[in-house]
Amino acid sequence: MWRKIGRVLLVLVIWGAIAAYIVCSAMLTRRHRSEQSVERVEIELVDSASSGQLITSQRVKEMLLERGIATIDTNVDKVDTRAIKEMICNEGFVVDVDIYASYSGTLHIRISQRTPLMRLLVDGYDCYITADGYLFNAPAHAALYVPVVSGNYRPQFKSGFEGELSTVLEKIRADAADSLQLVAVEREKVVRRQSHWNSRRKAVRDSTITDKKERQRLNNYIAGHLRDCNNDFRRLALKRDNIGKRLQGRESRYRDFLALISFVERLQRDKFLRAEIVQIVATTTSDGALSLTLIPRSGDHRIEFGWIENVEDKLHRLRLFYDQVAVTSGWESYKSVNLNYTDRIVCTYNREK
């Protein structure tokens, strides 16, 4: 019995010692933190793109100085980590920021970056797009070596937009729904107006008016208002159809942009094309379709790719051109390579060579 009591007491003493150690360690840690100052700032860039970095450690330190956020020689508990995180996260290419101070007084700032797939550089637009459809403005202090899309193409989002591409489609549809709702409200007013004048016409027909001229005048007056109602119905039907057509057009151009992202992804998966195609000229045709011209690194020719369709077949024919034609005739021999014709490659000679 005494032996059992002794074992219980021993366990209680051990657990009491452990609890005392934990409490004492916590108190010492809090005391240390209350006295510890930041001695150095260490910035880690996570998921940096192989094609370069959108931000550097030096740039982060410059941003801290520009904002006047104190770090070095500041007590670790007094460092405004929230302000630092908000400042860095305001850069659209930053996914997340993790900030913590080590026991030795080092302030760690861990920045996770997005990986751009391409850069849209057309009039009024300068932004990067990731493979999963996130857009952010190109930072002024850095640039990445990714395919550049230029030309007269205009996407379905405003210049300066940052965020998920899917929200653009949501807004397109929401705007169309709002417009259709306004048309529906206006049509309901016309329905009520038409019902009113139909009632007036019935009242005239059932009235005891004996003067034929007066009855005719009233009927003509009411008929004029009913014609106005019919004209309004036709006008609103046309307006509704135009909203639908405009929605279809904007959705089609939105899908074109998604196809452009998928096309650049396809190029990047091919080691040869990833190195060879340095620029994509995107043009909006007269019917609103998206047409592409590829600018290679080698040679002095342009590749007329056309619409983003039959992609694998076109790329296969392009490889045949490089593997079987360009190697024998010379890469400088052609001015253009057209892939828009089925089962063939149409090349234009460079007369200046």
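The values are calculated or read from the model by the stated rules, or taken from the named source; none is laboratory data. These numbers come from a predicted model, not from an experiment. Cβ placement follows ideal geometry from the backbone for every residue including glycine, while neighbour counts extend to all protein chains displayed.
Would you confirm whether or not segment 268-282 contains a residue that is surrounded by fewer than 18 Cβ atoms within 10 Å (Cβ to Cβ), more than 30 Å from ARG200 (Cβ to Cβ), small (Gly, Ala, Ser) and assigned by TED's automatic domain parsing to the domain that holds ARG201? The answer is no, given that none of the residues of segment 268-282 is surrounded by fewer than 18 Cβ atoms within 10 Å (Cβ to Cβ), more than 30 Å from ARG200 (Cβ to Cβ), small (Gly, Ala, Ser) and assigned by TED's automatic domain parsing to the domain that holds ARG201. Once segment 180-217 is narrowed to residues that are at pLDDT 90 or above and hydroxyl-bearing (Ser, Thr, Tyr), the residue that is farthest from ARG234 (Cα to Cα) is SER199.
Looking across segment 56-84, the residues that are in a loop (DSSP other than H, G, I, E, B) and either without any contact (Cβ under 8 Å) to a residue 40 or more places away in the chain or of a type in the set (Val, Ile, Thr) (or both) come down to THR56, GLY68, ILE69, ALA70, THR71, ILE72, ASP73, THR74, VAL76, LYS78, VAL79, ASP80.
Among the residues of segment 131-157 satisfying the criterion of being β-branched (Val, Ile, Thr) and over 24 Å from GLY249 (Cα atoms), which is surrounded by the most Cβ atoms within 10 Å (Cβ to Cβ)?
Going through the qualifying residues, I end up with VAL146.
Of all residues in segment 85-109, those satisfying the criterion of being touching a residue at least 60 places away in the same chain (Cβ under 8 Å), part of a strand (DSSP E or B) and crowded, with 18+ Cβ neighbours inside 10 Å are ALA101, LEU107, ILE109.
Residue pairs whose Cβ atoms lie under 7 Å apart, separated by 6 or more positions or on different chains, with the first residue in segment 174-202 and within 20 Å of GLY224 (Cβ to Cβ) and the second of a type in the set (Asp, Glu), are VAL190/ASP232. Evaluate the following for SER195: is it in a helix (DSSP H, G or I) and out of contact with any Phe, Trp or Tyr (no Cβ under 6 Å at 6 or more places or on another chain)? The answer is yes for SER195. When GLY160 is tested against (1) at positive phi; (2) surrounded by 13 or more Cβ atoms within 10 Å (Cβ to Cβ), exactly one condition is not met: (2). Contact annotation: residue pairs with Cβ atoms under 9 Å, 6 or more positions apart or on different chains, pairing a residue in segment 139-159 that is over 14 Å from ASP123 (Cα atoms) with a partner that is of a type in the set (D, E, K, R) and part of a loop (DSSP other than H, G, I, E, B), are PRO139/GLU91. Among the residues of segment 245-263, those that are under 24 Å from LEU182 (Cβ atoms) and touching a residue at least 24 places away in the same chain (Cβ under 8 Å) comprise ARG246, LEU247, GLY249, ARG250, GLU251, SER252, ARG253, TYR254.
Within segment 199-211, the residues that satisfy the criterion of being of a type outside the set (A, V, I, L, M, F, W, C) and either under 19 Å from LYS189 (Cα atoms) or not in a helix (DSSP H, G or I) (or both) are SER199, ARG200, ARG201, SER207, THR208, THR210, ASP211.
Taking the stated definitions as given, is GLU214 touching a residue at least 60 places away in the same chain (Cβ under 8 Å), among the acidic types (Asp, Glu) and either in a helix (DSSP H, G or I) or crowded, with 16+ Cβ neighbours inside 10 Å (or both)? So GLU214 does not fit the description; no. When ASP228 is tested against (1) in contact with a Pro (Cβ under 7 Å, 6 or more places away or on another chain); (2) farther than 30 Å from LEU294 by Cα, exactly one condition is not met: (1).
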